[in-house]
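Participant: Quick one: the structure is below, questions incoming.
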């Protein structure tokens, strides 16, 4: 991923809303650098964090990224995504911090339950990574349209000394004024993509020519159906006796822990086709393909209260 000087193309009018979103996100990132001492950007190799990193590189071009990136790694990743993450970090000369769920398990910080996703175990290594590195601002790629708990977030969202979030303790944000004040021990989660939608993300990827992992495009893969989702056959997800493995043309709308992230049937092999497919969908990517968000009506909010993304 190579940072380029922000430019305005001939079809600027057609993409005016993307330019507005880009300008807002860049303004937010520069506010972070002006108000905080030790920011970090969460980067998993998923499409939202890819766009977030691209915007950060634009915001501080021609200088190098002035903060590191951190991946909270469950250890149950799609290999295409990890390969992309490592390659982008190496090519860009960015410092990568990996907060490992497996290391937290080995150290007895969290306990793994057989057959359950590791997504719920990400909170402890995330908070450990923030604390051990002294980060006071954490830039994330969450969007308000993904899930109703995320719709409650402000752009600057304060976390207490324990990394916990209280949805009742949200500061007003008038116009483009952001309040990053916090006490020692607290930190602020910052969401520059708050006003973006999944469709905006793909339109921006198309406009900017941003590379994303191949897993986002239609490809043939061994899958089986469970709880209304198409799960890939992996080392961590194996079909039960009653589940039939089929080779289908699928793609991923979101990427996360392989044990709880499903694919969707698709023939969309390029960004234009994905945009058309996304525009026709009335279900968010998390609602369609993330099993961990189906645990209860308040699954995401419960995790966020404890310090989740």
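Participant: If you scan the range 34-59, which residues turn out to be free of Cβ contacts under 8 Å to residues at least 40 places away in the same chain and surrounded by fewer than 17 Cβ atoms within 10 Å (Cβ to Cβ)? I'd like the intermediate steps shown before the answer.
Facilitator: Start the filter on the range 34-59 by keeping residues that are free of Cβ contacts under 8 Å to residues at least 40 places away in the same chain, which leaves 34, 59.
34, the sole residue that qualifies.
Participant: Ok, one more. If you check residue 180 against the conditions, is it touching a strand residue (DSSP E or B) at 6+ places or on another chain (Cβ under 7 Å), surrounded by 14 or more Cβ atoms within 10 Å (Cβ to Cβ) and modelled with pLDDT of 85 or more?
Facilitator: Here the answer is no, as residue 180 does not meet what is asked.
Participant: Answer yes if at least one residue in the range 55-66 is within 30 Å of residue 236 (Cβ to Cβ) and assigned by TED's automatic domain parsing to the domain that holds residue 112, and no otherwise.
Facilitator: Kept after step one, since they are within 30 Å of residue 236 (Cβ to Cβ), are these residues of the range 55-66: none.
No: the range 55-66 contains no residue that is within 30 Å of residue 236 (Cβ to Cβ) and assigned by TED's automatic domain parsing to the domain that holds residue 112.
Participant: What number of residues in the range 66-87 are over 16 Å from residue 256 (Cβ atoms) and buried (at least 19 other Cβ atoms within 10 Å of the Cβ)?
Facilitator: 2
Participant: Looking at (1) modelled with pLDDT of 95 or more; (2) outside the structural domain of residue 115 (by TED's automatic domain parsing); (3) assigned to a loop (DSSP other than H, G, I, E, B), which is the one condition that is false for residue 193?
Facilitator: So residue 193 meets the others, but not (2).
Participant: Against the definition (in a helix (DSSP H, G or I), more than 16 Å from residue 211 (Cα to Cα) and assigned by TED's automatic domain parsing to the domain that holds residue 30), how does residue 102 come out, yes or no? Let's see the steps before the verdict.
Facilitator: Numbers: in a helix (DSSP H, G or I): yes; more than 16 Å from residue 211 (Cα to Cα): yes; assigned by TED's automatic domain parsing to the domain that holds residue 30: yes.
So residue 102 passes the test.
Participant: Return yes or no: is residue 110 farther than 26 Å from residue 278 by Cβ and either out of contact with any helix residue (DSSP H, G or I) (no Cβ under 9 Å at 6 or more places or on another chain) or assigned to a strand (DSSP E or B) (or both)?
Facilitator: Working: farther than 26 Å from residue 278 by Cβ: yes; either out of contact with any helix residue (DSSP H, G or I) (no Cβ under 9 Å at 6 or more places or on another chain) or assigned to a strand (DSSP E or B) (or both): no.
Here the answer is no, as residue 110 does not meet what is asked.
Participant: Looking at 151, 142 in this structure, which one is in contact with a strand residue (DSSP E or B) (Cβ under 9 Å, 6 or more places away or on another chain) and either assigned to a strand (DSSP E or B) or in the same structural domain as residue 88 (by TED's automatic domain parsing) (or both)? Talk me through it step by step, then tell me what you get.
Facilitator: Values: 151 fails: in contact with a strand residue (DSSP E or B) (Cβ under 9 Å, 6 or more places away or on another chain).
Only one candidate passes the filter, namely 142.
Participant: From the list 154, 144, which one is surrounded by fewer than 20 Cβ atoms within 10 Å (Cβ to Cβ) and either at positive phi or in contact with a helix residue (DSSP H, G or I) (Cβ under 6 Å, 6 or more places away or on another chain) (or both)?
Facilitator: On the way: 154 fails: either at positive phi or in contact with a helix residue (DSSP H, G or I) (Cβ under 6 Å, 6 or more places away or on another chain) (or both).
Just one listed residue meets the conditions, 144.
The values are calculated or read from the model by the stated rules, or taken from the named source; none is laboratory data. Since this is a predicted model, take the numbers as computed values, not measurements. Don't worry about glycine lacking a Cβ; one is built from the backbone with ideal geometry, like all the others, and counts go over all protein chains shown.
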